[in-house]
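The values are calculated or read from the model by the stated rules, or taken from the named source; none is laboratory data. As the structure is a computational prediction, the values presented were derived from the model and not from experiment. Heads up, the Cβs are rebuilt from the backbone with ideal geometry, glycines too, and the neighbour counts pull from every protein chain shown.
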């Protein structure tokens, strides 16, 4: 069945098109998310248009043009909206120009809140032949929000704990997993906290409650396992303070949906075929961003859409999409790619990549079957 989404594609210069959209009342504050990968300074030409971004004579002019475009985008964001920019650096005369850092500063000066700089590690990067430089194995993902607070959906991209993900703990049987606390005893918790908080460096362990007692007080069976890290719950308990760290919990159970992912994402680049746009950022990378920063039915904008990667992921995940590109050929290819995704004709393996990023939590919650662990998002994503 075709997916029910709306999308619109625009041909032309990104900044002028964004400014035109911003003058339309229906477009202002319409987009919860902007995600894009603009052309990089001095790397390659995508066509013959002399006004193509990245062909500027100086890096300062390039950063200024980018910042002006994204500043205009701010008018299109919802009050809780955010912008995500996948961008690499450029090297000149043996030194890096620090393009991502300088762009981030410019955008902060234009009113954005700088939330995070994420490292996209390309695990299938191609080794450099340079004699004096390291291989460039990563790019930056700049995450900025329109205001101090923005919409986030962290539960959709949580990861397993290190002990589970790296195989340090064996997968327990389903009946020995406990996903949430059952009937915690607040009075007993208060009693145990008083004992432990009052412990001194020379307090013997025999005078402290056992880790099993602590687990039971918090409503967890000490012999059952955490679904995030596979540790037994009695191993989550802390019996004795180190110094005077009163803030450290005596029972630090993991979130049952997984731990917060780190800000280094290991995702492979994708090959391109035939006449496809040759600067593709991976569908599963985009899916992770879209899953975190929007929800189904939201509008997403990509002002440098290329082959329509962002639109493809929007089609596969139920978001509406607007895309802009300078070249008519890219607009035609994007239109075809998005249409294929809407009607279920898109590449099966790439659909699986997107599903692994965007749908794993729903699958795990609805089933509870441990065979679904293969769908869990990890920071060591295997791209097919």
For the condition modelled with pLDDT of 90 or more and either assigned by TED's automatic domain parsing to the domain that holds residue 16 or touching a helix residue (DSSP H, G or I) at 6+ places or on another chain (Cβ under 9 Å) (or both), what is the one hit in 279, 293?
293
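Just to be sure, is residue 322 touching a strand residue (DSSP E or B) at 6+ places or on another chain (Cβ under 9 Å) and at pLDDT 90 or above? Before the answer, list the steps.
Working: touching a strand residue (DSSP E or B) at 6+ places or on another chain (Cβ under 9 Å): yes; at pLDDT 90 or above: yes.
It is true that residue 322 is touching a strand residue (DSSP E or B) at 6+ places or on another chain (Cβ under 9 Å) and at pLDDT 90 or above.
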For segment 92-146, give me the residue count where each residue is part of a strand (DSSP E or B) and touching a strand residue (DSSP E or B) at 6+ places or on another chain (Cβ under 6 Å).
17
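Does segment 178-190 include one or more residues that are surrounded by fewer than 17 Cβ atoms within 10 Å (Cβ to Cβ) and over 19 Å from residue 236 (Cα atoms)? Walk me through it before giving the result.
In the first step, residues of segment 178-190 are kept if they are surrounded by fewer than 17 Cβ atoms within 10 Å (Cβ to Cβ); the result is 179-190.
Filter once more, keeping what is over 19 Å from residue 236 (Cα atoms): 187.
The answer is yes; a qualifying residue exists.
State whether the residues of segment 135-154 include one that is at negative phi, loosely packed, with under 13 Cβ neighbours inside 10 Å and over 28 Å from the mean Cα position of the chain (by Cα). Walk me through it before giving the result.
First, the residues of segment 135-154 that are at negative phi: 135-154.
Restricting the remaining residues to those that are loosely packed, with under 13 Cβ neighbours inside 10 Å gives 135, 148-149.
Next cut, over 28 Å from the mean Cα position of the chain (by Cα) only: none.
Scanning segment 135-154 turns up no residue that is at negative phi, loosely packed, with under 13 Cβ neighbours inside 10 Å and over 28 Å from the mean Cα position of the chain (by Cα).
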Quick one: would you say residue 115 is outside the structural domain of residue 296 (by TED's automatic domain parsing) and without any contact (Cβ under 8 Å) to a residue 40 or more places away in the chain?
no
Pair list, Cβ under 6 Å, 6 or more apart: segment 191-220 residue more than 10 Å from residue 251 (Cβ to Cβ), other residue part of a helix (DSSP H, G or I):
209/192; 212/234
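Being in a loop (DSSP other than H, G, I, E, B) and out of contact with any helix residue (DSSP H, G or I) (no Cβ under 8 Å at 6 or more places or on another chain) is the filter here, so list the residues in segment 174-209 that pass it.
Those that are in a loop (DSSP other than H, G, I, E, B) and out of contact with any helix residue (DSSP H, G or I) (no Cβ under 8 Å at 6 or more places or on another chain): 179, 180, 181, 182, 183, 198, 200, 201, 202, 203, 204.
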